[in-house]
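Asker: Here's a structure for you.
The values are calculated or read from the model by the stated rules, or taken from the named source; none is laboratory data. Bear in mind that the values here come from a model prediction, so they are computed numbers and not experimental data. FYI the Cβ positions are ideal-geometry reconstructions off the backbone, even for glycines, and counts take in every protein chain you see.
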Amino acid sequence: MSHIVVLGSTNMDLVTFVEKAPQRGETVTGREFRTIPGGKGANQAVAAARAGATVSMIGAVGNDAFGTRLRSTLEQAGVDTGRLRTTEGDSGTAHVVVDDDGGNAIVVIPAANGTVDHLTPGDEELIASADALLLQLEIPLGAVLAGALTARAHGVRTILTPAPAQPLPVDLLNATDLLLPNEHEVATLTGRTDPRTAALALLDEVPEVVVTLGAAGCLYAARDAEPLTVPAPEVTAVDTTGAGDTFAGTLAVALAEGRPMPDALAWAAAASALSVQRPGASESMPHRPEIDAQYTS
């Protein structure tokens, strides 16, 4: 089995389902509210574990009820939480509004995630043992950079999801093997609205880029290959929350197992398509037999 390490956030998603998301200054009536374990780091860890990898999580939760549930959810998914520390105070939260078209708007409160600003003893050894390191930007940038540099020093593939989108230091880009933005994030990073043009521009900084395009699939660009578009299965979306994290976690497993990039992208797209047909983030993520069935259908 491949070994994936995730350095990132763990949040409790506070999710409201509405017919139409409110505009500024508007009040609407929702039909349902749920608390769902999430956070981009934890989501990617669950996705990778359900896709068949051995997964370890580096991060932090608070010493509140949310923290207890978040840790339990990861462990139930088979994720090793030995490096998930508990801090005084609140766990991170994400306040999510999901409309009837499956779209979402999210406000993240870092809380305990904000304390993950450096690597602690044992983190480097864990990263060095991995086949791949998954990173996002919901923890302080200093820790993300430290993780990427550690992975690079030990020859571990680094996959970075640049979300929430923000300017990235050159040192971090240079230590990234695969950059995995969505079409909005790649536009923020490059100032270019065309995903293909933006992806090609990023190859000056990173060797490989995958831009996720929602229902349109994904675009792959590399320094030594022609750009490749992989379509997504046609499905009816219920909730797109966590779809990108499902894609990232599953892609990391596929690449760690040695699948060729086109096959790995199609397998990850199949997993993402399954996730959007269910509500929630971590709760919607498929298990490997489901992914295999969707991929071959």
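Asker: So, in the range 49-73, of the ones that are aliphatic (A, V, I, L, M) and not in a strand (DSSP E or B), which residue ends up nearest to Pro140 (Cα to Cα)?
Answerer: We begin by selecting, within the range 49-73, every residue aliphatic (A, V, I, L, M); these are 49, 51, 53, 55, 57-58, 60-61, 65, 70.
Subsequent filtering for residues that are not in a strand (DSSP E or B) retains 49, 51, 53, 65, 70.
Values: Ala49: 24, Ala51: 28, Ala53: 26, Ala65: 23, Leu70: 20 Å.
Checked the range 49-73; the qualifying residue nearest to Pro140 (Cα to Cα) is Leu70.
Asker: Restricting the range 15-48 to residues that are of a type in the set (Lys, Arg) and not in a helix (DSSP H, G or I), which is surrounded by the most Cβ atoms within 10 Å (Cβ to Cβ)?
Answerer: Restricting attention to the range 15-48, the residues satisfying the condition of being of a type in the set (Lys, Arg) are 20, 24, 31, 34, 40.
Checking which are not in a helix (DSSP H, G or I) leaves us with 20, 24, 31, 34.
On the way: Lys20: 12, Arg24: 4, Arg31: 9, Arg34: 14.
Only one residue tops the list, namely Arg34.
Asker: Let me ask you something else. Just to check your reading of the model, which residue among Thr176, Thr193, Thr120, Thr150 is out of contact with any strand residue (DSSP E or B) (no Cβ under 6 Å at 6 or more places or on another chain), assigned to a loop (DSSP other than H, G, I, E, B), within 16 Å of Leu7 (Cβ to Cβ) and not small (Gly, Ala, Ser)? Outline the logic, then answer.
Answerer: Numbers: Thr176 fails: out of contact with any strand residue (DSSP E or B) (no Cβ under 6 Å at 6 or more places or on another chain); Thr193 fails: within 16 Å of Leu7 (Cβ to Cβ); Thr150 fails: assigned to a loop (DSSP other than H, G, I, E, B).
Matching residue, one of Thr176, Thr193, Thr120, Thr150: Thr120.
Asker: Closer than 22 Å to Ala243 by Cβ, touching a helix residue (DSSP H, G or I) at 6+ places or on another chain (Cβ under 6 Å) and surrounded by fewer than 22 Cβ atoms within 10 Å (Cβ to Cβ): which single residue out of Glu124, Glu183 fits that description?
Answerer: When all the criteria are applied, what remains is Glu183.
Asker: Whether any residue in the range 217-230 is in contact with a helix residue (DSSP H, G or I) (Cβ under 6 Å, 6 or more places away or on another chain), in a helix (DSSP H, G or I) and not small (Gly, Ala, Ser) is what I want to check.
Answerer: No; the residues of the range 217-230 include none that is in contact with a helix residue (DSSP H, G or I) (Cβ under 6 Å, 6 or more places away or on another chain), in a helix (DSSP H, G or I) and not small (Gly, Ala, Ser).
Asker: Shifting gears a bit: Among the residues of the range 73-103, write down those that are closer than 23 Å to Thr16 by Cα and without any contact (Cβ under 8 Å) to a residue 60 or more places away in the chain. Let's see the steps before the verdict.
Answerer: Step one: of the range 73-103, the residues closer than 23 Å to Thr16 by Cα are 73-74, 90-103.
The one that is closer than 23 Å to Thr16 by Cα and without any contact (Cβ under 8 Å) to a residue 60 or more places away in the chain: Asp90.
Asker: Return the pair list, or none, for Cβ contacts closer than 6 Å from residues in the range 258-277 that are over 25 Å from Ala225 (Cα atoms) and of a type in the set (Ser, Thr, Tyr) to residues that are modelled with pLDDT of 95 or more and crowded, with 24+ Cβ neighbours inside 10 Å, at least 6 apart or on different chains.
Answerer: Pairs found: Ser275/Thr246.
Asker: What tally of residues in the range 74-97 results from selecting those that are in a strand (DSSP E or B) and either of a type in the set (Gly, Ala, Ser) or within 18 Å of the chain's Cα centre (by Cα) (or both)?
Answerer: Within the range 74-97, the subset in a strand (DSSP E or B) is 79-87, 92-97.
Next cut, either of a type in the set (Gly, Ala, Ser) or within 18 Å of the chain's Cα centre (by Cα) (or both) only: 79-82, 84, 92-96.
Qualifying residue count, the range 74-97: 10.
Asker: Here is a follow-up. Name the residues in the range 226-249 that are farther than 14 Å from Lys40 by Cβ, surrounded by 19 or more Cβ atoms within 10 Å (Cβ to Cβ) and at pLDDT 90 or above, would you?
Answerer: Val230, Ala232
Asker: Shifting gears a bit: From the list Thr81, Thr93, which residue is over 14 Å from Pro110 (Cα atoms), crowded, with 20+ Cβ neighbours inside 10 Å and at pLDDT 95 or above? Spell out how you get there, then give the answer.
Answerer: Working: Thr93 fails: over 14 Å from Pro110 (Cα atoms).
That would be Thr81, the only listed residue that is over 14 Å from Pro110 (Cα atoms), crowded, with 20+ Cβ neighbours inside 10 Å and at pLDDT 95 or above.
Asker: Hey, could you check the range 250-262 for residues that are out of contact with any helix residue (DSSP H, G or I) (no Cβ under 7 Å at 6 or more places or on another chain) and part of a helix (DSSP H, G or I) and say which is surrounded by the most Cβ atoms within 10 Å (Cβ to Cβ)?
Answerer: Ala256
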